[in-house]
1. Out of all the residues in region 28-39, is one or more touching a helix residue (DSSP H, G or I) at 6+ places or on another chain (Cβ under 8 Å), in a helix (DSSP H, G or I) and modelled with pLDDT under 75?
2. Return the pairs, sorted by first residue and then second, in which the second residue is not in a helix (DSSP H, G or I), the first residue lies in region 99-124 and is closer than 14 Å to TYR67 by Cβ, the beta carbons are less than 7 Å apart, and the residues are 6+ apart or on different chains.
Amino acid sequence: MELEDEIFNDGLPKAYYKQNDNGQYVLETDAPWAEKVSCALIIAGNRARLEEIRKAVLAGQQSPLCYYMEMRQMEPGMLAKAAGIVVFRVRRHLRPEIFAKLKPSVLYRYTKALRVTMEELKTVPNN
């Protein structure tokens, strides 16, 4: 699987218009090289940021909520809307000491919004 397949259309190829030798526009599934390079850079940057957050969670500096929010590429406002929780509370829940005290009902809202299990939400991958 190519790198851009990871972020576009669940692995299905994107279509591009290109002129053929007769000047007619035809569909092409091979991405232009510039898009391939820019997608690879974006993916690498996202993975590096996610790894930084994972390490911060393991060090006790961030809550696991921060990791999963970044994994889904969400901002606190987006997550607040998806979970039905006020934005300032979502920001507070990014602190590990606050997150550790959350009621199961609040955690459940986050699991639905982030599409993770309760067990996943409480920790991050070790590798």
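1. There is at least one residue in region 28-39 that is touching a helix residue (DSSP H, G or I) at 6+ places or on another chain (Cβ under 8 Å), in a helix (DSSP H, G or I) and modelled with pLDDT under 75.
2. These pairs meet every condition: PHE99/SER63; THR111/THR117; LEU114/ARG72.
The values are calculated or read from the model by the stated rules, or taken from the named source; none is laboratory data. The structure presented is a predicted model; accordingly, all values stated were derived computationally and were not measured. Neighbour counts are summed over all protein chains in view; Cβ atoms, including those assigned to glycine, are modelled from backbone coordinates with ideal geometry.
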